[in-house]
């Protein structure tokens, strides 16, 4: 039985990753790598949070207080987990007395 052929125009193009354009020194130490990545990732996180803050514009968006509460709780939870990670603490397994 012959295998049907698919016209080239219907085949998805090869999805390859873009090569990194940033030049990272081959001899970059751990402290320098931390500074570079922390600066970049923190700037990106702050920009994203500011974008979330833009959603507070009542002229452009309708939302309920419960939605805002959920957003803020999720952000606080991640910041707390971040602090715990830097302190070397284990993730919070939940509440107990």
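Each reported figure results from applying straightforward, stated rules to the coordinates on display, with no laboratory input. Only a predicted model underlies this, so the values are computations on that prediction, with no experimental measurement involved. Cβ: placed from backbone, ideal geometry, glycine included. Neighbour counts: every protein chain shown.
Label residue 37 and residue 65 with points 7 Å out from Cα along Cα→Cβ: what is the distance between them in nm?
Output for this residue pair reads 4.2 nm.
Consider a paramagnetic label point 7 Å from the Cα of residue 72 along Cα→Cβ; state which residues of the range 37-54 have an amide N under 18 Å from it.
Under 18 Å, as judged by backbone N against the label point of residue 72, lie 49-54 of the range 37-54.
Apply 1/(1 + (r/R0)^6) to the Cβ-Cβ distance of residue 83 and residue 27, taking R0 = 35 Å, and write down the FRET efficiency to the nearest 0.05.
That pair, residue 83 with residue 27, gives E of 0.65.
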